[in-house]
Number of protein chains: 2
Amino acid sequence: MESSGADSASGFERVLAYLRERLLDGTLKPGERLMAERELVRQLGVSRPIVREALRALHMLGIVEIRDRIGTVVKRPDASALKDFFTLALAQQADLIDDVMEARIAIECQAVRLACERATIADFEKLQRALIRIGETIDDADTGSAADFDFHRAIVLAARSPTLAMLHESMATLLAISHRNRRLLVQRFDSMKSYLVDDHKRVFDAIVKRDPDRAEVTLRRHFAIGDEYRRRAVIGEGDRADARTAQSE
Amino acid sequence: MESSGADSASGFERVLAYLRERLLDGTLKPGERLMAERELVRQLGVSRPIVREALRALHMLGIVEIRDRIGTVVKRPDASALKDFFTLALAQQADLIDDVMEARIAIECQAVRLACERATIADFEKLQRALIRIGETIDDADTGSAADFDFHRAIVLAARSPTLAMLHESMATLLAISHRNRRLLVQRFDSMKSYLVDDHKRVFDAIVKRDPDRAEVTLRRHFAIGDEYRRRAVIGEGDRADARTAQSE
DNA sequence: ATCTTGTTCTGGTAAGACCAGTACGATGAC
DNA sequence: GTCATCGTACTGGTCTTACCAGAACAAGAT
C-alpha cells in the first residue's frame with residue numbers, strides 16, 4: 001500500500017505535507033473544495049482515519065472548514081482560529097504574553113510608519129474618534145481598553161497592509177485579555193490617565209504630520225512607559241493614597 | 001455507548017472539550033502524561049480514531065506532544081506551534097510579496113532592537129560568521145542569498161523571542177524565492193556588492209555596540225536601499241556597461 | 001415545467017486488528 | 001544480595017471494514 005511515491009515520513013505527515021504544498025503553491029485557494037477524503041486516501045495510500053486526522057488538524061488551524069456531508073473547503077484564515085491556542089497556551093505559560101507583546105510592538109511600529117505615508121483623511125477621522133473615546137472612557141477598564149485598542153487597530157488599518165493587519169489581529173485576540181488587566185492599573189496611577197490620553201494624542205499628531213520617525217519613536221515610548229507602569233504596579237507602587245488596596249497582583 | 005455524560009456535541013468536540021477543561025483547570029500540567037488513548041476511549045465513549053483526531057488537533061496547536069509508544073504529554077506551548085498557521089495564512093495573500101516584505105521588516109526591526117539588549121557572545125560570533133560568508137559568496141545568487149538570509153535570521157534569533165522567530169521563519173518560506181531573484185540584481189550593479197557587505201557590517205557593529213536606535217535605523221536604511229536597487233532594476237538602469245543583458249525581469 | 005424519488009456521494013463514527021517499540025517486573029545468573 | 005536478561009503488558013501508529021445520515025443530482029412521474 002506504499003505505491004504512490006514518497007514514504008519515509010509518517011502517513012499523517014505525508015498527508016499534511018501534501019495539503020500544505022497544494023495550499024502554498026496556490027493549487028488550493030480559499031473557497032475551493034478539496035478532494036473527498038476517500039479520494040485523498042486513494043491518492044496518498046493512507047487510511048481514512050489518518051486523512052481525517054490531517055484534515056482536523058488543518059481545521060484546528062482555521063485553514064480549512066469541514067462541512068458535514070458537503071466536503072472540505074479552504075477557508076480564508078482569520079485570527080479567530082487561534083483562540084483555542086491562546087486560551088490553552090496562556091493557561092500553561094503566562095509569560096507568553098510578554099513575548100507576543102514584543103511581536104505586537106514590531107507590527108505596530110512598522111504600521112505607524114506606513115500609516116504616515118498612506119493614511120487618508122478618513123483614517124485621520126477614525127483615529128481622532130478613537131482618541132476622543134479614549135478620553136471619554138478613561139475611567140472604565142472595559143470600555144477604556146476597547147477604545148485604546150480601537151486606536152491601535154486604526155493605526156494598523158491605516159497602514160493598508162493586509163499582512164500587518166492579519167498579524168495584528170492575531171495578536172489582538174491574546175492581548176485583549178492582558179490589555180484589560182493592564183487598564184485596571186489606571187485606577188492606581190493618576191498619572192496614567194494623562195499618559196493614556198497625551199501619548200495617543202502625540203502619536204496621532206505625528207501621523208497627521210506624516211512624520212514616520214517621530215511617530216515610531218513616540219509609539220515606542222508609549223509602549224515602554226506602559227511597561228514601566230506595569231513594573232511599578234507589580235512591585236506595589238502607586239501614586240495614589242490607596243495604592244495598597246490592590247497590591248496583591 | 002452514550003453513557004458517560006454530556007452528548008449533544010460531536011464526539012470530537014466532546015473529547016476536545018474534556019481535554020481543554022483538564023488543561024484549563026490545571027488538572028493537566030506541562031510535562032504530565034495524560035491517559036492513554038484507549039483509556040480516553042473508554043472514559044468518553046468514543047472510538048479511538050476520534051480520540052486521535054482530538055489529540056492530533058492539540059498536537060497541531062503545540063499544546064501536546066504525542067510520543068510514539070510512550071504516551072501523550074502536555075507541552076509547554078510557545079508560539080512556534082503556529083508556524084503552519086501563519087505560513088499558510090500568509091500564502092493566501094502571497095500575491096502581495098511586497099506586503100509580506102513589509103511585515104518582515106517590521107519583525108526584523110524589532111528583533112534587531114531586542115538583539116542589541118539580549119545578544120550573547122555566541123550570537124555575535126554567529127553574526128560575524130554570516131557576515132564573512134556574505135563577503136565570500138557575493139558573486140553567487142544562490143549561496144549569496146542564503147548567506148544573506150542567515151545573517152538576518154541570526155539577528156532574529158539573537159532577539160530571543162520565540163514569537164518573532166516564528167513569524168520571521170514563516171515569512172522566510174514565502175520570501176525565499178523573491179529574495180533569490182533580488183540577488184540576481186547583484187550582477188547588474190557593481191555598487192550593490194559593497195552595499196551588501198557594508199550595510200550588514202554596519203548593522204552588526206550597531207548590535208555589538210548595543211545601540212538599538214542606530215541598529216534599527218541602519219537596518220531600515222538597508223532595506224530601503226535594497227528596494228531602491230530593485231526599483232532601478234525594474235526601469236532598466238544599472239551601473240555596469242552590460243546592464244541591458246538582464247533587462248527582461 | 002415541476003415535483004418526486006432514488007442512487008450516489010459526502011463526512012462522522014465505530015470496532016477490531018496488527019505492528020513495533022517501551023517500560024517494568026519477574027526470572028535467571030553471578 | 002545484586003545485577004543482567006527476558007517477557008509480557010501496554011503504548012502509539014496504522015489499516016480495514018462497515019454503517020449512518022444528510023446533500024446533491026439526475027432520472028422518472030406528474
Estimated dipole of segment A:81-246 in Debye, rounded to 20 [Cβ of Lys and Arg +1, of Asp and Glu -1, Cα centre]: 220
For segment A:87-93, 3J(HN,Hα) per residue [Karplus equation, 6.51 cos²θ - 1.76 cosθ + 1.60, θ = phi - 60°, Hz, x = Gly/Pro]: 4, 6, 5, 5, 5, 8, 8
Karplus (6.51, -1.76, 1.60) ³J(HN,Hα), θ = phi - 60°, over segment A:229-236, in Hz, Gly and Pro reported as x: 4, 5, 4, 5, 5, 4, 7, x
Calculated label separations, residue A:121, copies of the chain, 7 Å along the beta-carbon direction, nm: 6.1
Accessible-area value, residue B:113, 1.4 Å probe, nucleic acids and ligands omitted, Å²: 40
Counted charge near residue A:221, where neighbours are those whose Cβ lies closer than 9 Å (Asp, Glu -1; Lys, Arg +1): +1
Accessible area (Å², 1.4 Å probe, nearest 10) - residue B:60: 20
For residue B:29, label point 7 Å along C-beta direction: distances to other copies, nm: 5.1
Residue B:234/residue A:22 FRET efficiency (R0 25 Å; Cβ-Cβ; nearest 0.05): 0.20
Extended-chain gain in nm, criterion 0.36 nm per residue less alpha-carbon gap, residue A:224 and residue A:67: 51.9 nm
Segment A:19-63: GluC sites (Glu not before Pro) in DSSP loop, at most 15 other beta carbons within 10 Å: A:32
Mean separation of Cα contacts under 8 Å, 6 or more apart, over the residue count of segment A:101-249: relative contact order %: 31
3J(HN,Hα) from dihedral phi, segment A:141-157, Karplus parametrisation 6.51/-1.76/1.60, rounded to Hz, x for glycine, proline: 5, 5, 5, x, 5, 5, 5, 4, 5, 4, 4, 5, 5, 4, 4, 5, 5
At R0 = 56 Å, FRET efficiency that the Cβ-Cβ distance of residue B:173 and residue A:194 yields, to 0.05: 0.80
Computed over chain A: relative contact order in percent, which uses C-alpha pairs under 8 Å that are six or more apart: 17
Where labels lie 7 Å past Cα in the beta-carbon direction, separation of residue B:97 and residue A:118 in nm: 1.8
Alpha carbon centroid spacing (whole Å) that separates segment A:21-98 from segment B:168-197: 33
Separation in nanometres of the label points that stand 7 Å from Cα toward Cβ, at residue A:125 and residue B:83: 4.6
Shortest-first distances to equivalent copies, position residue B:67, nm, label 7 Å out along Cβ: 4.2
In Å², nearest 10: area of residue A:59 left accessible to a 1.4 Å probe: 70
Partner chain coverage, peptide B:158-171 - average Cβ within 10 angstrom: 3
Estimated translational D of chain B in µm²/s (Stokes, Kirkwood radius over Cα pairs; 10 °C; 1.306 mPa s): 75
Sparse-neighbour loop sites [trypsin sites (Lys or Arg not before Pro); segment B:49-99; at most 16 other C-beta within 10 Å; DSSP]: B:69
Residues with amide H under 5 Å from that of residue B:72, placed H, sequence gap 5 or more: B:34, B:67
Percentage relative contact order, segment A:1-136, counting C-alpha pairs under 8 Å, at least six apart: 18
For segment A:81-246, with +1 on Lys and Arg beta carbons and -1 on Asp and Glu, the positive-most of A:87, A:109, A:143 along the dipole: A:109
With eigenvalues of the C-alpha gyration tensor scaled by 5 and rooted, the protein assembly as shown, Å: 39, 34, 21
Heavy-atom surface of chain A, accessible at 1.4 Å and reported per residue (Å²): 46
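The values are calculated or read from the model by the stated rules, or taken from the named source; none is laboratory data. Fair warning: this is a prediction, and the values are worked out from it, not measured in the lab. Methodologically, a virtual Cβ is constructed for each residue, glycine included, from the backbone with ideal geometry; neighbour enumeration extends over all protein chains shown. Areas reflect the complete protein model, heavy atoms only, side chains present, ligands, DNA and RNA absent. Shrake-Rupley method; radii C 1.70, N 1.55, O 1.52, S 1.80 Å.
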